[in-house]
Amino acid sequence: MAKMKVNGTDQTFEAEGDTPLLWALRDLAGLTGTKYGCGTGLCGACTVHVNGEAVRSCITPLSDVEGKEVTTIEGLSGDGNHPVQQSWRELNVPQCGFCQAGQIMQAADLLKKNPKPSEAEILDAMSGNVCRCGCYQRIIAAVRHASTGA
Amino acid sequence: MLHYMEQAKRSAPSDDGNELTFANVSRRNLLQAGTAGFAVAAFANPAEAFIKYPVGGTAMPNGLKYDPKIFVSIDPDGTVNIIAHRSEMGTGSRTSLPMVLADEMGADWARVKIIQAEGDEPKYGNQDTDGSRSMRHHIQSMRQMGASVRHMLASAAAKKWGVEPSAVKVGVHEVTSGSNKAGFGDLAADAMSLEVPKFEDLSFRSEKDFRYIGKGNVPMVDLHDITTGKAIYGADVMLPGMKVAVIARPPAVGEEPAKVDDSAAKAVPGVISVESLPITVMPAKFSPLGGIAVIAEHTAAAIKGRDALKIEWKKGPHSNYNSAAFTAEMRKTAAEPGKVLRKEGDMAGAMKDASKTFAREYSQAHMAHAMMEPPVAVADVKADSAEIWAPVQSPFGARQDIAKALNIPIEKVKVNVTLLGGGFGRKSKCDYAIEAALLSQKTKQPVKVQWTREDDIKHSFYHTTSVERIEVGLDDAGKVNAMRFNSVAPSILTTFAPDSGHQFFIENGMGHVDMPFQVPNLSIENGKAMAHTRIGWFRAVSNIPRAWAVQSFASELAHELGKDEKDMLLELIGSDRKLEPAAQGFPKDFWDYGETYAEYPIDTARLKNVLNLAAEKAGWGKTLPKGEGLGLAVHRSFVTYVASAVRVKIVDGKIRVPEVHQAIDCGYAANPERIRSQMEGAAVMGMTLALYSGVTFENGAAQQGNFDTYEMVRSDNFPETVHTHIVENPFSVHASGVGEPGVPPIPPAIANAVFNATGKRLRDLPFGDEI
Ligand code: FES
Ligand code: FES
């Protein structure tokens with residue numbers, strides 16, 4: 001059993017402590033915006049925020065999140081209008097869209113810590129997130145756009 | 001694939017029933033019909049705005065449907081509901097096809113709602129979303145249905161107001177006549193009960209009046225949901241009482257479990273039961289591989305349980321498959337004469353008389369699609385009915401296969417299509433949905449089958465592995481006078497039929513027999529290679545190895561002869577002409593992507609045009625700093641012409657790709673914004689497959705498993721700027737494929753650029769990121 005706050009609401013998961021946060025969120029809390037892509041921390045599709053830090057939920061056991069605050073794509077902003085989400089829409093970033101929740105959560109984390117990242121910092125911060133459809137050019141542009149408006 | 005085969009049979013030149021339908025709609029007939037018919041102010045008659053042309057879609061199973069009453073409904077509040085009958089996997093077809101209909105109809109896109117069709121081809125027409133066919137096959141039917149609804153709305157208004165139809169104007173989401181005015185919603189009930197007008201009686205919007213078609217101003221319908229986590233993909237379907245299954249499949253195709261110890265698996269908290277699925281071996285179409293399934297309360301427990309299974313596998317018919325040995329064998333075969341598929345002149349004689357010969361060989365490893373969403377499906381099977389939710393590219397094909405596997409009549413099987421988290425051809429094969437259906441039937445509860453990433457890479461329907469050998473003979477003037485092009489690769493057909501060792505007409509039509517070089521003495525050959533794993537189509541299919549070989553070879557030959565690479569390519573392509581399959585020794589079963597050749601001929605002028613365009617935009621011929629190089633490649637696939645000009649930069653011994661120019665001629669460009677996104681994505685996928693994508697086999701088992709061993713291009717090294725140049729065409733230049741044709745020219749363009757940067761020639765895919 002693990003207790004935590006998910007998107008601002010108290011949540012108790014009746015599951016083993018080694019259960020990855022990803023599956024607890026998806027299968028037990030029904031928050032399916034967070035995606036499975038590799039299960040081993042290699043693709044970023046499962047990125048959520050734990051106490052404000054981007055983590056790969058597929059390799060984060062519930063026991064590590066006990067008493068903490070989890071934010072998923074569903075809770076990133078009340079109205080879906082976080083600047084990163086807006087920027088993603090303005091630049092028509094997605095193709096299939098499957099990786100994009102993870103990309104957005106990663107980008108939001110970067111911009112919170114570093115509101116005006118350099119190009120190299122953007123590329124580096126986003127390099128853990130795979131997009132098989134190949135939207136990188138727009139992803140990077142959208143992070144830049146959310147940061148500077150350019 | 002069976003669809004392809006059926007289609008090819010039905011579109012053979014001798015059977016032109018479909019063409020006749022269109023041929024009868026002559027310009028004269030149309031003009032007469034236009035005047036006699038129902039004229040709506042401000043719209044041109046069909047002869048001016050839209051001349052219908054034959055398209056391969058009519059020969060696909062269940063063809064094309066033109067009934068707007070099936071595709072469109074209008075709510076009293078004016079909401080226009082449009083059916084998306086193709087699967088959305090990232091190309092944008094779920095947006096672009098309804099957009100065509102809406103524009104022609106006069107609907108305001110902001111008031112359009114998209115409804116995803118379930119798998120039902122008798123109702124919606126062909127739904128097989130592959131082969132870069134969505135826009136190519138359906139743009140005409142979408143326009144026709146849009147125009148039909150517009151006419152019906154105008155007709156209903158004319159009746160209601162007692163005015164002449166010609167006095168009625170259809171604007172954006174409203175109909176007017178003098179002071180009379182009505183919204184689409186007000187007229188919907190009357191309009192939709194009218195008879196659907198014939199094509200001949202329709203008027204069409206002229207191109208200059210399009211609001212959305214050709215503009216690229218309509219965002220993807222799922223954009224908001226995707227960015228807020230609300231979009232529903234396969235794994236996001238949750239049913240009450242649903243359990244999750246993860247399956248241990250045989251390491252090599254056809255291996256049977258000899259001993260299963262499931263005690264540790266059953267001890268995992270949350271695990272409910274362990275079930276076995278029958279083992280299959282090719283040809284088994286899309287039947288699952290079989291294996292041992294662990295069913296659990298949730299996904300984490302199912303994965304943990306599956307991983308705790310201890311299984312000893314008995315050797316099977318393909319347990320000796322080893323990639324290194326197999327590639328060596330293919331090389332040997334490629335050097336020998338193969339089965340001749342196309343013959344022009346006397347290759348052997350001309351080769352003997354050549355003053356110089358030049359030969360090169362290019363190989364490619366197997367690839368897995370690795371779409372971001374691994375295979376997944378949910379099934380709820382009852383005693384005499386079944387409902388499935390799955391990300392499938394061919395929902396009706398899946399429905400047929402599932403009905404057969406369950407032994408339930410197809411009318412009792414419903415297949416709901418979710419969004420696809422990427423498809424790339426993998427999700428045309430519905431084995432994972434059959435697995436879910438079988439397990440649900442067996443355990444009498446709703447079941448989700450979830451594939452892990454390792455399952456996906458280790459148990460794919462792999463892109464084939466190949467060796468392509470090209471030999472040329474030059475005359476005294478240094479002109480290519482003879483050419484032998486031998487392609488050796490296990491065939492996709494082995495998924496469907498006993499293995500003959502030879503590729504079949506669809507693979508042959510993908511850059512092999514249709515090779516466009518103007519060489520008087522030509523022999524296009526296919527050497528034998530047997531399949532030892534499941535082979536399936538992967539985005540762009542056989543065009544990848546063919547473009548890889550032909551476009552690398554042209555560059556090598558240029559360097560050998562001291563010529564400019566672009567000049568060499570232009571010289572090899574030769575004069576502006578349309579290839580003549582019959583006169584040029586093409587095989588009788590030549591497959592032009594299922595299209596009528598006369599409508600989509602191989603046009604060398606268009607091929608050269610995109611090459612020149614990409615080269616010019618990239619600044620071909622300019623001097624680059626040391627360690628940088630430009631590379632070119634051009635290829636026609638899916639009846640579309642694409643050239644890539646790639647700039648490579650070697651940094652600390654690593655291949656980087658700062659810039660790509662993609663020039664595409666895909667006929668009429670219906671949604672330039674999504675065409676650009678496809679070209680950008682193709683550059684990334686092309687770079688990934690050039691550098692990294694190799695699945696190799698040892699003792700029948702795939703050696704790669706996750707993104708550590710099967711790497712992807714990421715934002716730390718990717719095609720940083722992709723410029724897409726779309727050749728502008730009027731509607732009369734038939735829209736052609738977009739999803740796939742951007743991929744094939746990328747790997748050879750990168751390799752050619754690497755050569756120009758370093759002097760090192762790469763001939764084997766994947767070639768790694770270090771040089
Ligand atoms: S699913 Fe967690 S990093 Fe890939
Ligand atoms: S949009 Fe498809 S994986 Fe990123």
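Filtering segment A:102-122 to residues that are within 16 Å of ligand 1 (Cβ to nearest atom) and either polar (S, T, N, Q) or exposed (fewer than 13 other Cβ atoms within 10 Å of the Cβ) (or both) leaves A:103, A:106. Checking each residue in segment A:73-101 for being within 16 Å of ligand 1 (Cβ to nearest atom) and either in contact with a helix residue (DSSP H, G or I) (Cβ under 6 Å, 6 or more places away or on another chain) or of a type in the set (Lys, Arg) (or both) picks out A:73, A:97, A:100, A:101.
Here residue A:36 passes the criteria (1) within 16 Å of ligand 2 (Cβ to nearest atom); (2) more than 15 Å from the chain's Cα centre (by Cα) except the one numbered (2).
Every residue, every condition in (1) out of contact with any Lys or Arg (no Cβ under 9 Å at 6 or more places or on another chain); (2) free of Cβ contacts under 8 Å to residues at least 12 places away in the same chain; (3) within 17 Å of residue A:57 (Cα to Cα); (4) not charged (D, E, K, R), yes or no:
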residue	(1), (2), (3), (4)
A:78	yes, yes, no, yes
A:89	yes, yes, no, no
A:111	yes, no, no, yes
A:118	yes, yes, no, yes
A:126	no, no, yes, yes
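Might you let me know whether segment B:96-103 holds any residue that is at pLDDT 95 or above, in contact with a Leu (Cβ under 9 Å, 6 or more places away or on another chain) and under 30 Å from residue B:373 (Cβ atoms)? Scanning segment B:96-103, I find no residue that is at pLDDT 95 or above, in contact with a Leu (Cβ under 9 Å, 6 or more places away or on another chain) and under 30 Å from residue B:373 (Cβ atoms), so the answer is no.
Pairs linking a residue in segment A:29-54 that is closer than 13 Å to residue B:706 by Cα and more than 10 Å from chain B (Cβ to nearest Cβ) to a residue that is within 6 Å of ligand 1 (Cβ to nearest atom) and among the hydrophobic types (A, V, I, L, M, F, W, C), with Cβ atoms under 9 Å and 6 or more positions apart or on different chains, do not occur. Remark: pairs (first residue in segment B:708-726, at the interface with another protein chain (Cβ under 7 Å from one of its Cβ atoms); second residue surrounded by 19 or more Cβ atoms within 10 Å (Cβ to Cβ) and of a type in the set (S, T, N, Q); Cβ separation under 6 Å; 6+ apart in sequence or on different chains) = B:712/B:688; B:722/A:137.
Just to be sure, is residue B:426 in contact with a Ser or Thr (Cβ under 7 Å, 6 or more places away or on another chain) and closer than 14 Å to residue B:371 by Cβ? When the stated conditions are applied, residue B:426 passes them. Does residue A:75 satisfy the condition of being more than 16 Å from ligand 2 (Cβ to nearest atom), buried (at least 17 other Cβ atoms within 10 Å of the Cβ) and within 10 Å of chain B (Cβ to nearest Cβ)? Here the answer is yes, as residue A:75 does meet what is asked. Across segment A:123-138, the number of residues qualifying as away from ligand 1 (no atom under 16 Å from the Cβ) and either farther than 19 Å from residue B:721 by Cβ or not basic (Lys, Arg) (or both) comes to 6.
Note on segment B:360-418: among residues that are under 30 Å from residue B:465 (Cβ atoms) and among the β-branched types (Val, Ile, Thr), the one that is farthest from ligand 1 (Cβ to nearest atom) is B:392.
Has segment A:43-56 got at least one residue that is more than 16 Å from ligand 1 (Cβ to nearest atom), of a type in the set (A, V, I, L, M, F, W, C) and either touching a strand residue (DSSP E or B) at 6+ places or on another chain (Cβ under 9 Å) or at pLDDT below 95 (or both)? Among the residues of segment A:43-56, not one is more than 16 Å from ligand 1 (Cβ to nearest atom), of a type in the set (A, V, I, L, M, F, W, C) and either touching a strand residue (DSSP E or B) at 6+ places or on another chain (Cβ under 9 Å) or at pLDDT below 95 (or both), which makes the answer no.
Looking only at segment B:425-434, decide whether some residue is within 16 Å of ligand 2 (Cβ to nearest atom) and not charged (D, E, K, R). Yes: one or more hits. Does segment B:633-643 contain any residue that is more than 22 Å from residue B:463 (Cβ to Cβ), at pLDDT 95 or above and more than 14 Å from chain A (Cβ to nearest Cβ)? Yes, segment B:633-643 has at least one match.
In the set (1) among the polar types (S, T, N, Q); (2) closer than 20 Å to residue B:341 by Cα; (3) buried (at least 19 other Cβ atoms within 10 Å of the Cβ), residue B:584 fails one condition alone, (3).
Of the candidates B:294, B:253, B:221, the single residue that is in contact (Cβ under 8 Å) with a residue 12 or more places away in the chain and either within 14 Å of chain A (Cβ to nearest Cβ) or surrounded by fewer than 21 Cβ atoms within 10 Å (Cβ to Cβ) (or both) is B:221. Within segment A:121-129, identify whether any single residue is within 22 Å of residue B:419 (Cβ to Cβ), within 10 Å of chain B (Cβ to nearest Cβ) and modelled with pLDDT of 95 or more, and answer yes or no. Checked against the condition, which is being within 22 Å of residue B:419 (Cβ to Cβ), within 10 Å of chain B (Cβ to nearest Cβ) and modelled with pLDDT of 95 or more, segment A:121-129 yields at least one hit. Once segment B:432-452 is narrowed to residues that are charged (D, E, K, R) and surrounded by fewer than 22 Cβ atoms within 10 Å (Cβ to Cβ), the residue that is nearest to residue B:383 (Cα to Cα) is B:444.
The values are calculated or read from the model by the stated rules, or taken from the named source; none is laboratory data. Bear in mind the structure is a predicted one, so any value in this text is a computation, not a measurement. Here the Cβ is made from the backbone with ideal geometry for all residues, glycine too, and neighbour counts use every protein chain on show.
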